[in-house]
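To keep things clear, I will list the structure first and then write my remarks on it.
The values are calculated or read from the model by the stated rules, or taken from the named source; none is laboratory data. These numbers were taken from a predicted model, which means no experiment stands behind them. Neighbour counts are summed over all protein chains in view; Cβ atoms, including those assigned to glycine, are modelled from backbone coordinates with ideal geometry. The protein model used for the area step is the full one, side chains on, heavy atoms only, and it has no ligands, DNA or RNA in it. Shrake-Rupley method; radii C 1.70, N 1.55, O 1.52, S 1.80 Å.
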Amino acid sequence: MTVDSAPLSPTARTAVKRGKGRARLERAALLDVLGSARICHLGVLVDGLPRVLPTVFGVDPAGPDREGTLYLHGSVASRSMIDAPEQDICVTITVVDGLVLARSAFHHSMNYRSAVVVGRPRRVENADERTRALDAIVDQVVPGRSAHLRPHTRKELAATTVLALPLYEASVKSRSGGPIDDAADIDTGGVWAGVVPVRESLGVSDPAADLEPDLAEPQHVRDIRRRQE
């Protein structure tokens, strides 16, 4: 059985209780959400208060942790990075695919794909894994970018904390399709209803002011625009 075809097996902590009809139980659905997003939100307790932080992430479906690995990084001085390995954390990822406009405010919704991953992260100490994790985080934003960069310096690595979170405890929900209106509202008529698709839009790149004049935009940068077409 491949990683993509393996079933998603939520624990009691990640079993979907509300809106069960929107739950996805295939691990491929989790990998789809992770592969479609550039940012996640990390939930961690700091000084007894919940802190939810937007951050970039990286994914290795065949990573060393149970069912694969989600990587996070931050400053060694960051309290969220310091406190996270001592507790269970929550990472959420959401991709909005459409605005669902119904005939009543109550039935307005969004088409979306979302994932929640919970568990206790570990601090990545192995040098090779740290490099792979940081490359995965860069490539999550621009696929293939890390191969074109110089190696990380010792100073940069010393200033960065890398955390690894198992993908084992995860849940996925999604919605697609049009509005679901009450029959009375449909019969009454007079109000437009439908779906407005939401898509990521990337503009033309703006070269750095100090870039060599003869250095053309690389293929991997052009490719990220083609992904949205």
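Couplings for segment 161-177, taken from phi via the Karplus curve 6.51 cos²θ - 1.76 cosθ + 1.60 with θ = phi - 60°, read 9, 10, 10, 10, 10, x, 8, 5, 8, 8, 9, 9, 10, 8, 9, 9, x Hz in order; Gly and Pro are left as x.
Does segment 106-229 come out rounded, prolate or oblate by the C-alpha gyration tensor, with a ≥ b ≥ c the root eigenvalues, rounded set by a/c under 1.5 and, if not, prolate when a/b is larger than b/c and oblate if not? Present the calculation step by step, with values, prior to reporting the outcome.
On the way: a/c = 4.20, a/b = 1.61, b/c = 2.60.
Cα axes put segment 106-229 in the oblate bin.
Rolled with a 1.4 Å probe across the full set of protein chains, the surface gives residue 89 an accessible area near 0 Å².
Under a straight-distance cross-link criterion of Cα-Cα below 16 Å, which aspartates and glutamates are reachable from residue 173, leaving out those fewer than 8 residues away in the same chain? Straight-distance partners of residue 173: 26, 32, 97. Under 5 Å from the amide H of residue 90 lie the amide H atoms of 43, each residue being 5 or more positions distant or on a separate chain, with H modelled from the backbone and absent for Pro and chain starts.
Suppose the chain between residue 110 and residue 127 were pulled fully straight at 0.36 nm per residue; how much longer would it get relative to their current alpha carbon spacing? Write down the numbers at each step before the final one.
Working: separation 17, 0.36 × 17 = 6.12 nm, distance 4.19 nm.
Extra length from residue 110 to residue 127 when fully extended: 1.9 nm.
Each residue, residue 56 and residue 16, gets one label point 7 Å from its Cα in the Cβ direction; the gap between the two is 3.0 nm. Note on Rg and Dmax of the Cα atoms in Å: of the candidates (1) 18.0, 54; (2) 20.6, 68; (3) 16.6, 48, the value calculated from this structure sits at (2). Of the listed residues 155, 17, the order by accessible area with a 1.4 Å probe, largest first, is 155, 17.
How do 212, 217, 129 stack up against each other in accessible area, from largest to smallest, with a 1.4 angstrom probe?
On the way: 212 100, 217 50, 129 15 Å².
Of 212, 217, 129, the descending order of accessible area is 212, 217, 129.
Taking amide H as placed 1.01 Å from N in the peptide plane, the amide H of residue 169 sits under 5 Å from that of 118, each at least 5 places away or on another chain. In the chain, a dipole from Cβ-located charges (positive for Lys and Arg, negative for Asp and Glu) runs towards its positive end, and of 127, 161, 172 it is 172 whose Cα lies farthest in that direction.
Can you list the GluC sites (Glu not before Pro) in segment 134-212 that are in a DSSP coil and have 14 or fewer other beta carbons within 10 angstrom?
Details: sites: 156, 169, 200; in loops: 169, 200.
Sparse-neighbourhood loop GluC sites (Glu not before Pro): 200.
Build a GNM of the chain with springs between Cα atoms under 10 Å apart, and of 154, 175, 123 the one that fluctuates most is 154.
Here the Karplus relation 6.51 cos²θ - 1.76 cosθ + 1.60, evaluated at θ = phi - 60°, turns the backbone of segment 46-62 into coupling constants of 10, 6, x, 10, x, 10, 10, 10, x, 7, 7, 8, x, 10, 10, x, 10 Hz, with x for every Gly and Pro.
Working note: 222 nm ellipticity from helices only, DSSP H runs with n ≥ 4, each -39,500 (n - 2.57), summed and divided by the residues of the chain, gives -6000 deg cm²/dmol to the nearest 500.
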